[in-house]
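Written below as structure tokens is the structure these notes are about.
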Amino acid sequence: MANGFKRIIIHWTAGGKIPNDHDKQCYHFLIDHTGKPYEGKFKPEANLKCVDDANGSHYAAHTGGGNTGSIGVSMCGMMNFKDKNNVGPCPITRIQFEACMKMCAMLSQKYGIPVLSTNIMTHYEFGVSHPNTASHGKIDIVYLPPFPWLEKDDIGRFIRSKIKWYLTN
Ligand SMILES: [Zn+2]
């Protein structure tokens, strides 16, 4: 994109229902289990040029091998997730998921990021398409608790169609 923003990458945190300081450091935006949005420590602009120095990272390090120009949005609460039968104590809720999709639609519009698989994706999808990065093998998001029938390779497409719905409604 002309403004330097290339993508929105959607994650889940490995934390609890509400973001903690570590979660806020890793993502630009977070959504808790009630659908309430939070801003992270860094603005999306901090990821236009990712700077690391002796004091640490000065951007949201949400996607290994793909942080530059990437906005990181995360749903809270996948602590202790193992698989669809063991989702941990605070799995993603329906209201939280919808709030996340609405936020992604707003960000897509604000930053001019098209709703395409090359520009809006889950961290899992980024890892699949970038096998030589630290994101390879990431499991967010391979399961969506409110939509248990979705297969892991269908979730990205489902998310993008939801975002399109929010853009037109
Ligand atoms: Zn992630």
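Rule-based calculations on the coordinates, nothing more; no lab input. All values reported here derive from a predicted model rather than from experimental measurement. Here the Cβ is made from the backbone with ideal geometry for all residues, glycine too, and neighbour counts use every protein chain on show.
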What GluC sites (Glu not before Pro) does region 49-154 have in DSSP loop regions with at most 11 other beta carbons within 10 Å? GLU151
Just want the answer: with Cβ charges of +1 for Lys and Arg and -1 for Asp and Glu, which residue in PRO146, ALA105, PHE42 is farthest toward the dipole's positive end in the chain? ALA105
Amide H partners (placed H, <5 Å) of ILE120, local residues excluded: ILE8
Computed ³J(HN,Hα) along region 63-71: with the Karplus parameters 6.51/-1.76/1.60, θ = phi - 60°, integer Hz and x for glycine or proline, the list is 9, x, x, x, 7, 5, x, 10, 8
For region 121-152 and region 31-54, what is the separation of their Cα centres, given in Å? 20 Å
Check the straight Cα-Cα distances from LYS84 and name the aspartates and glutamates below 17 Å, setting aside those fewer than 8 residues away within the same chain. ASP140, GLU151, ASP153, ASP154
Using +1 at the C-beta of Lys and Arg and -1 at the C-beta of Asp and Glu, which of GLY56, VAL73, GLY127 has the Cα lying farthest in the positive direction of the dipole of the chain? VAL73
Using the Cα gyration tensor of the chain, with a ≥ b ≥ c the square roots of its eigenvalues, what is the shape: rounded (a/c below 1.5), prolate (a/b larger than b/c) or oblate (neither)? rounded
The size of the Cβ-based charge dipole (Lys, Arg +1; Asp, Glu -1) of region 7-168 about the Cα centre, to the nearest 20 debye, is 400 debye
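Relative contact order of the chain, please, whole-number percent, based on alpha carbon pairs below 8 angstrom and at least 6 residues apart. If you can, show how the numbers build up before the last one.
On the way: 344 pairs, mean separation 43.2, N = 169.
About 26 percent, as a whole number.
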Distance cut-off 18 Å, Cα to Cα: go down the list LYS36/LYS102; LYS6/LYS43; LYS102/LYS164; LYS41/LYS102; LYS49/LYS162 and report the pairs above it. LYS41/LYS102; LYS49/LYS162
Order by neighbour count: THR34, THR122, fewest other Cβ atoms within 10 Å first, most last. THR34, THR122
Apply the a/c threshold of 1.5 to the C-alpha gyration tensor of region 1-58 and tell me whether it is rounded, prolate or oblate. oblate
